[in-house]
Each structure stands twice: as structure tokens, then as C-alpha cells.
Amino acid sequence: MPQVRRADVSDAPIAVEDVRALAADESAGAVVTFSGDVRDHDHGRSVARLEYEGHPTAAAVISLVAHEVASRHDVIAIAVSHRIGPLQIGDSALVAAVSAAHRGEAFRACADLVDEVKNRLPVWKHQVFTDGTDEWVNCA
């Protein structure tokens, strides 16, 4: 039975190794991690910083997504965190880790987890560019 060991949205910095450690297991032959980091550019424009804002349901949604992904794959454990609030260049915004007996399933499940979080999580990104302009991303 797969375990969701973390599925949260927080304004605290996310340490990749902490998330990986939560997903690790002695029965796992593979632990795949993903870190979505704040980069210094977007579509040819220089990014100074950004801020993520989350809907009050974001924590429930990320938990639901993690449990759904766990049920679709032959995995041992999942851990996933998304950050909200102000972030600087290089900070981790989304970290996911999945353990499984074999690497193929761990990779597939981690990719599924990241894609589903990105598609469904009600979190919006406010980017501030070095020229002083800004934009909101994922605000449909």
C-alpha cells in the first residue's frame, strides 16, 4: 500500500533532501526527486523575484493529487511540497520525491505527480522582472 508521507503547501523554504528522505524506504530500489526552482529568466525576460499565492483549498488539492497518483502507480512512498510567498532566484518552489522498487515506475510516478500538481494546484505566480514590470502566471 503506497504511503503519502507529505503533501503540503507552505511558506517555509523547502529542502530537497528533506523531501527525498521522507519518500526513501529500505524496500525501494529507486527514489526519484524533482525540484522546480526559480530561474532568473522567463521567455527572454530577466526575472528579479517572484511570489506564489495559493487558494485556501491548495493544501487539500495537493493531498488529493498525491493520493491519486499513489493509487495509479506501483510505488512505495510519495512526498511533495509547494511553496507560497516570496521566493528568490534559486529557491525551490515545488519539490517531489517518489520511491518504488524499480526506477521506471519511480520516474513515471514522479513525472505524473509533478504534472498533476502543476495542472491542478490552485497556486498563482507573480513574477517581477528586472525592468520593473511584472506579470501573473497561471491565472485563468
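What to note about this one:
- Charge tally in the Cβ shell below 13 Å around residue 109, where Lys, Arg are +1 and Asp, Glu are -1, residue 109 excluded: -3
- On the beta carbon distance between residue 138 and residue 74, with R0 = 35 Å, the FRET formula returns roughly 0.70.
- Amide H contacts of residue 49 (H built 1.01 Å from N, under 5 Å, at least 5 apart or other chain): 128
- The angle between the Cα long axis of helix 103-120 and the main principal axis of the chain comes to about 40°, on a 0 to 90 degree scale.
- Applied to region 11-16, the Karplus parametrisation 6.51 cos²θ - 1.76 cosθ + 1.60 on θ = phi - 60° returns per-residue 3J(HN,Hα) values of 8, 7, x, 10, 9, 4 Hz, with x for Gly and Pro.
- Simple Cβ-charge dipole of the chain, Lys/Arg +1 and Asp/Glu -1, about Cα centre, in debye nearest 20: 200
- Within the listed set 86, 56, 122, the residue fluctuating most in the Gaussian network model of the chain (springs between alpha-carbon atoms under 10 angstrom) is 56.
- Modelled this way, with points 7 Å down the Cα-to-C-beta line, the labels at residue 120 and residue 42 are 2.4 nm from one another.
- Each Lys or Arg adds one and each Asp or Glu subtracts one; over the other residues with Cβ under 13 Å from the Cβ of residue 73, this totals -3.
- Amide H contacts of residue 7 (H built 1.01 Å from N, under 5 Å, at least 5 apart or other chain): 80
- Whole-Hz Karplus values for region 91-102 come out as 5, 7, 9, 9, 10, 9, 9, 9, 10, 8, 5, 10 Hz, taken residue by residue from phi with 6.51 cos²θ - 1.76 cosθ + 1.60 and θ = phi - 60°; glycine and proline positions read x.
- Between 0 and 90°, nearest 10: helix 58-72 axis offset from the chain longest Cα axis: 40
- Once the gyration tensor of the Cα atoms in region 3-132 is diagonalised, the equivalent ellipsoid follows with semi-axes of 27, 15, 12 Å, ordered largest first.
No value in this document is a laboratory result; all are computed from the given coordinates. Only a predicted model underlies this, so the values are computations on that prediction, with no experimental measurement involved. Cβ sites come from the backbone with ideal geometry, for glycine too, and all protein chains shown count toward neighbours.
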